[in-house]
Amino acid sequence: MRVDVGTIFPELFEQMARTSIVGRAVGKGLIDIACYDVREFAQNNHRSVDDYPYGGGGGMVMMAEPFYMLYDSLVEKYDEKPHVIMMSARGKHFTQKDAFRLAEMNSFTVFCGHYKGIDARVDTLVDEEFSMGDFVLSGGEIPAMAIIDAVCRLLPEAVGHRSSIEGDSFYDGILGPPEYTRPEVFRGMRVPEVLVGGNHAKIDEWRRQAALDITRDRRPDLLSFEGQPSDKQ
(Lines give C-alpha, C1' and ligand atoms only; values in the text may rest on other atoms or scores of the structure.)
Protein backbone atom coordinates (compact mmCIF):
# COMPACT_ATOMS: atom_id res chain seq x y z
CA MET A 1 0.00 0.00 0.00
CA ARG A 2 1.09 3.58 -0.68
CA VAL A 3 -0.06 6.64 1.25
CA ASP A 4 0.83 10.09 -0.05
CA VAL A 5 0.55 12.96 2.43
CA GLY A 6 0.40 16.68 1.67
CA THR A 7 1.37 18.66 4.77
CA ILE A 8 3.45 21.58 5.99
CA PHE A 9 4.90 19.32 8.69
CA PRO A 10 6.32 16.27 6.88
CA GLU A 11 8.68 15.58 9.78
CA LEU A 12 5.74 14.37 11.86
CA PHE A 13 5.00 11.58 9.40
CA GLU A 14 8.66 10.76 8.91
CA GLN A 15 8.90 10.04 12.64
CA MET A 16 5.70 8.00 12.53
CA ALA A 17 7.11 5.89 9.68
CA ARG A 18 9.93 4.79 12.00
CA THR A 19 7.83 4.00 15.05
CA SER A 20 5.90 1.01 16.46
CA ILE A 21 3.56 -1.02 14.22
CA VAL A 22 3.66 1.51 11.39
CA GLY A 23 7.46 1.51 11.46
CA ARG A 24 7.58 -2.29 11.31
CA ALA A 25 5.07 -2.31 8.43
CA VAL A 26 7.22 0.20 6.55
CA GLY A 27 10.29 -1.94 7.21
CA LYS A 28 8.51 -5.01 5.84
CA GLY A 29 7.46 -3.14 2.71
CA LEU A 30 3.76 -3.46 3.55
CA ILE A 31 3.18 0.29 3.36
CA ASP A 32 5.03 3.23 1.87
CA ILE A 33 4.31 6.65 3.39
CA ALA A 34 5.42 9.40 1.01
CA CYS A 35 5.33 12.91 2.49
CA TYR A 36 5.19 16.07 0.41
CA ASP A 37 5.83 19.50 1.87
CA VAL A 38 3.02 21.64 0.48
CA ARG A 39 5.37 24.65 0.60
CA GLU A 40 7.43 23.06 -2.18
CA PHE A 41 4.43 23.53 -4.47
CA ALA A 42 3.84 27.21 -3.66
CA GLN A 43 4.19 29.43 -6.70
CA ASN A 44 5.60 32.53 -5.01
CA ASN A 45 9.04 33.73 -3.95
CA HIS A 46 8.45 33.19 -0.25
CA ARG A 47 6.80 29.77 -0.61
CA SER A 48 3.78 31.06 1.26
CA VAL A 49 0.88 28.63 1.48
CA ASP A 50 -1.61 30.78 3.39
CA ASP A 51 -3.30 34.17 3.07
CA TYR A 52 -6.01 36.29 4.68
CA PRO A 53 -9.60 35.09 4.15
CA TYR A 54 -11.91 36.90 1.78
CA GLY A 55 -14.67 38.63 3.71
CA GLY A 56 -12.42 39.39 6.65
CA GLY A 57 -12.19 37.74 10.03
CA GLY A 58 -9.33 36.33 12.03
CA GLY A 59 -6.93 33.57 11.03
CA MET A 60 -5.37 32.49 7.78
CA VAL A 61 -6.55 30.16 5.01
CA MET A 62 -4.34 27.74 3.08
CA MET A 63 -4.19 28.57 -0.63
CA ALA A 64 -5.71 26.31 -3.27
CA GLU A 65 -2.81 26.44 -5.72
CA PRO A 66 -0.21 24.42 -3.76
CA PHE A 67 -2.67 21.57 -3.32
CA TYR A 68 -3.63 21.64 -6.99
CA MET A 69 0.04 21.58 -7.94
CA LEU A 70 0.65 18.62 -5.62
CA TYR A 71 -2.36 16.82 -7.05
CA ASP A 72 -1.15 17.40 -10.62
CA SER A 73 2.32 16.11 -9.72
CA LEU A 74 0.85 12.90 -8.27
CA VAL A 75 -1.25 12.36 -11.41
CA GLU A 76 1.87 12.78 -13.53
CA LYS A 77 4.03 10.60 -11.26
CA TYR A 78 1.64 7.65 -11.00
CA ASP A 79 -0.32 8.13 -14.22
CA GLU A 80 -3.61 7.94 -12.35
CA LYS A 81 -5.87 10.18 -10.31
CA PRO A 82 -5.26 9.77 -6.59
CA HIS A 83 -8.03 8.98 -4.13
CA VAL A 84 -7.89 12.10 -1.98
CA ILE A 85 -8.91 12.30 1.66
CA MET A 86 -9.06 15.65 3.41
CA MET A 87 -9.06 16.12 7.16
CA SER A 88 -11.69 18.62 8.25
CA ALA A 89 -13.97 19.35 11.21
CA ARG A 90 -16.78 19.38 8.64
CA GLY A 91 -16.08 15.83 7.51
CA LYS A 92 -17.90 12.63 8.48
CA HIS A 93 -16.68 10.85 11.57
CA PHE A 94 -14.01 8.29 10.70
CA THR A 95 -14.99 4.75 11.77
CA GLN A 96 -13.50 1.28 11.77
CA LYS A 97 -15.54 0.49 8.66
CA ASP A 98 -13.69 3.28 6.89
CA ALA A 99 -10.39 1.82 8.07
CA PHE A 100 -11.34 -1.62 6.67
CA ARG A 101 -12.34 -0.09 3.35
CA LEU A 102 -9.17 1.99 2.99
CA ALA A 103 -7.04 -1.03 3.92
CA GLU A 104 -8.37 -2.77 0.80
CA MET A 105 -7.11 0.03 -1.46
CA ASN A 106 -3.73 0.09 -3.17
CA SER A 107 -3.18 3.75 -2.33
CA PHE A 108 -4.76 6.94 -1.08
CA THR A 109 -3.68 10.55 -0.56
CA VAL A 110 -4.27 12.72 2.49
CA PHE A 111 -4.43 16.52 2.43
CA CYS A 112 -3.71 18.09 5.81
CA GLY A 113 -5.08 21.56 6.34
CA HIS A 114 -3.87 24.07 8.90
CA TYR A 115 -4.81 27.49 10.25
CA LYS A 116 -8.53 28.04 9.44
CA GLY A 117 -8.52 25.33 6.78
CA ILE A 118 -7.99 25.02 3.03
CA ASP A 119 -9.48 27.18 0.30
CA ALA A 120 -12.86 25.60 -0.53
CA ARG A 121 -11.94 25.27 -4.20
CA VAL A 122 -9.70 22.34 -3.25
CA ASP A 123 -12.94 20.44 -2.50
CA THR A 124 -13.20 19.61 -6.21
CA LEU A 125 -10.14 17.33 -5.81
CA VAL A 126 -11.39 15.58 -2.67
CA ASP A 127 -13.11 12.19 -2.66
CA GLU A 128 -13.70 11.91 1.09
CA GLU A 129 -13.62 14.31 4.02
CA PHE A 130 -13.04 12.94 7.52
CA SER A 131 -13.20 14.26 11.07
CA MET A 132 -11.99 12.57 14.26
CA GLY A 133 -14.84 13.99 16.32
CA ASP A 134 -16.69 17.10 17.38
CA PHE A 135 -13.66 19.14 18.35
CA VAL A 136 -11.09 21.32 16.59
CA LEU A 137 -7.34 20.74 16.26
CA SER A 138 -4.69 23.11 14.94
CA GLY A 139 -4.18 21.05 11.81
CA GLY A 140 -5.00 17.83 9.99
CA GLU A 141 -1.74 16.06 10.77
CA ILE A 142 -2.77 14.28 13.99
CA PRO A 143 -6.07 12.99 12.51
CA ALA A 144 -4.22 11.92 9.35
CA MET A 145 -1.71 9.95 11.40
CA ALA A 146 -4.59 8.34 13.30
CA ILE A 147 -6.16 7.19 10.03
CA ILE A 148 -2.87 5.85 8.69
CA ASP A 149 -2.26 3.94 11.92
CA ALA A 150 -5.80 2.50 11.93
CA VAL A 151 -5.42 1.36 8.32
CA CYS A 152 -1.87 0.07 8.73
CA ARG A 153 -2.69 -2.33 11.58
CA LEU A 154 -5.28 -4.02 9.35
CA LEU A 155 -2.76 -4.87 6.63
CA PRO A 156 -1.82 -8.56 6.49
CA GLU A 157 1.32 -9.26 8.58
CA ALA A 158 1.45 -5.71 9.99
CA VAL A 159 0.55 -7.09 13.43
CA GLY A 160 2.28 -10.22 14.69
CA HIS A 161 -0.88 -12.18 15.51
CA ARG A 162 -4.10 -11.44 13.67
CA SER A 163 -6.08 -12.50 16.73
CA SER A 164 -4.65 -9.52 18.62
CA ILE A 165 -6.67 -7.09 16.48
CA GLU A 166 -9.79 -9.24 16.13
CA GLY A 167 -10.66 -8.42 19.74
CA ASP A 168 -10.16 -4.67 19.29
CA SER A 169 -12.98 -2.26 19.92
CA PHE A 170 -15.10 -1.71 16.79
CA TYR A 171 -13.54 -4.69 14.97
CA ASP A 172 -16.99 -6.32 14.87
CA GLY A 173 -18.97 -3.17 15.57
CA ILE A 174 -18.88 -3.06 19.38
CA LEU A 175 -16.41 -2.13 22.12
CA GLY A 176 -13.77 -4.60 23.20
CA PRO A 177 -13.92 -6.49 26.51
CA PRO A 178 -11.78 -5.61 29.55
CA GLU A 179 -8.24 -7.01 29.40
CA TYR A 180 -5.97 -8.22 32.23
CA THR A 181 -2.38 -9.37 32.68
CA ARG A 182 -0.16 -10.51 35.57
CA PRO A 183 -0.22 -10.44 38.54
CA GLU A 184 -3.44 -12.34 39.09
CA VAL A 185 -4.17 -10.27 42.20
CA PHE A 186 -3.21 -6.59 42.33
CA ARG A 187 -4.04 -4.46 45.39
CA GLY A 188 -6.84 -6.79 46.29
CA MET A 189 -8.33 -6.79 42.78
CA ARG A 190 -8.48 -10.26 41.21
CA VAL A 191 -8.56 -11.22 37.55
CA PRO A 192 -11.95 -12.81 36.68
CA GLU A 193 -11.66 -16.52 37.44
CA VAL A 194 -12.86 -17.61 34.02
CA LEU A 195 -9.79 -16.01 32.38
CA VAL A 196 -7.35 -18.14 34.35
CA GLY A 197 -9.33 -21.38 34.16
CA GLY A 198 -8.02 -22.48 30.76
CA ASN A 199 -11.46 -23.22 29.25
CA HIS A 200 -11.22 -21.31 25.96
CA ALA A 201 -14.87 -21.80 25.05
CA LYS A 202 -15.93 -20.22 28.34
CA ILE A 203 -13.32 -17.47 27.92
CA ASP A 204 -14.69 -16.61 24.47
CA GLU A 205 -18.22 -16.58 25.86
CA TRP A 206 -17.18 -14.34 28.77
CA ARG A 207 -15.35 -11.90 26.49
CA ARG A 208 -18.29 -11.64 24.11
CA GLN A 209 -20.75 -10.99 26.94
CA ALA A 210 -18.39 -8.52 28.63
CA ALA A 211 -17.99 -6.67 25.32
CA LEU A 212 -21.75 -6.43 24.90
CA ASP A 213 -22.22 -5.31 28.50
CA ILE A 214 -19.63 -2.55 28.29
CA THR A 215 -21.00 -1.43 24.92
CA ARG A 216 -24.53 -1.31 26.31
CA ASP A 217 -23.26 0.75 29.25
CA ARG A 218 -20.94 3.17 27.45
CA ARG A 219 -21.98 3.22 23.79
CA PRO A 220 -25.55 1.95 23.50
CA ASP A 221 -25.78 3.69 20.12
CA LEU A 222 -23.64 0.87 18.71
CA LEU A 223 -26.36 -1.68 19.48
CA SER A 224 -29.27 -1.74 17.06
CA PHE A 225 -31.25 -3.86 19.48
CA GLU A 226 -30.57 -5.73 22.69
CA GLY A 227 -27.33 -7.65 22.53
CA GLN A 228 -26.75 -7.22 18.80
CA PRO A 229 -24.20 -4.96 17.09
CA SER A 230 -25.52 -2.11 14.99
CA ASP A 231 -24.49 -1.72 11.35
CA LYS A 232 -23.45 1.90 12.01
CA GLN A 233 -19.80 0.95 12.41
Considering residues of the range 26-45 that are part of a helix (DSSP H, G or I) and in contact with an Asp or Glu (Cβ under 8 Å, 6 or more places away or on another chain) only, the residue surrounded by the fewest Cβ atoms within 10 Å (Cβ to Cβ): Val26
Enumeration of residues in the range 138-147 that are buried (at least 17 other Cβ atoms within 10 Å of the Cβ) and either at pLDDT below 95 or out of contact with any helix residue (DSSP H, G or I) (no Cβ under 6 Å at 6 or more places or on another chain) (or both): Gly139, Gly140, Pro143, Ala144, Ile147
Condition met for Asp51 (more than 22 Å from Asn106 (Cα to Cα) and surrounded by fewer than 16 Cβ atoms within 10 Å (Cβ to Cβ)): yes
Some residue of the range 171-183 being assigned to a loop (DSSP other than H, G, I, E, B), surrounded by fewer than 14 Cβ atoms within 10 Å (Cβ to Cβ) and of a type in the set (S, T, N, Q): yes
Elements of type strands (runs of 3 or more DSSP E) in the range 62-154, at least 1 residues being in contact with a strand residue (DSSP E or B) (Cβ under 6 Å, 6 or more places away or on another chain) and aliphatic (A, V, I, L, M): 84-93, 107-111
Test: residue in the range 32-48 that is touching a helix residue (DSSP H, G or I) at 6+ places or on another chain (Cβ under 9 Å), small (Gly, Ala, Ser) and under 22 Å from Asp168 (Cβ atoms): no
Members of the range 184-217 that are among the basic types (Lys, Arg), surrounded by 10 or more Cβ atoms within 10 Å (Cβ to Cβ) and either at positive phi or part of a helix (DSSP H, G or I) (or both): Lys202, Arg207, Arg208, Arg216
Among residues of the range 74-132, those that are crowded, with 19+ Cβ neighbours inside 10 Å and without any contact (Cβ under 8 Å) to a residue 12 or more places away in the chain, counted: 0
Yes/no for Phe135 being within 17 Å of the chain's Cα centre (by Cα) and either surrounded by fewer than 18 Cβ atoms within 10 Å (Cβ to Cβ) or not β-branched (Val, Ile, Thr) (or both): yes
Those residues of the range 70-103 which are of a type in the set (A, V, I, L, M, F, W, C) and within 14 Å of Glu129 (Cα to Cα), in sequence order: Val84, Ile85, Met86, Met87, Ala89, Phe94, Ala99, Leu102
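The values are calculated or read from the model by the stated rules, or taken from the named source; none is laboratory data. As the structure is a prediction and not an experimental result, all values here were calculated from the model. Positions of Cβ are generated from backbone atoms using ideal geometry, with glycine treated the same way; all protein chains shown enter the neighbour counts.
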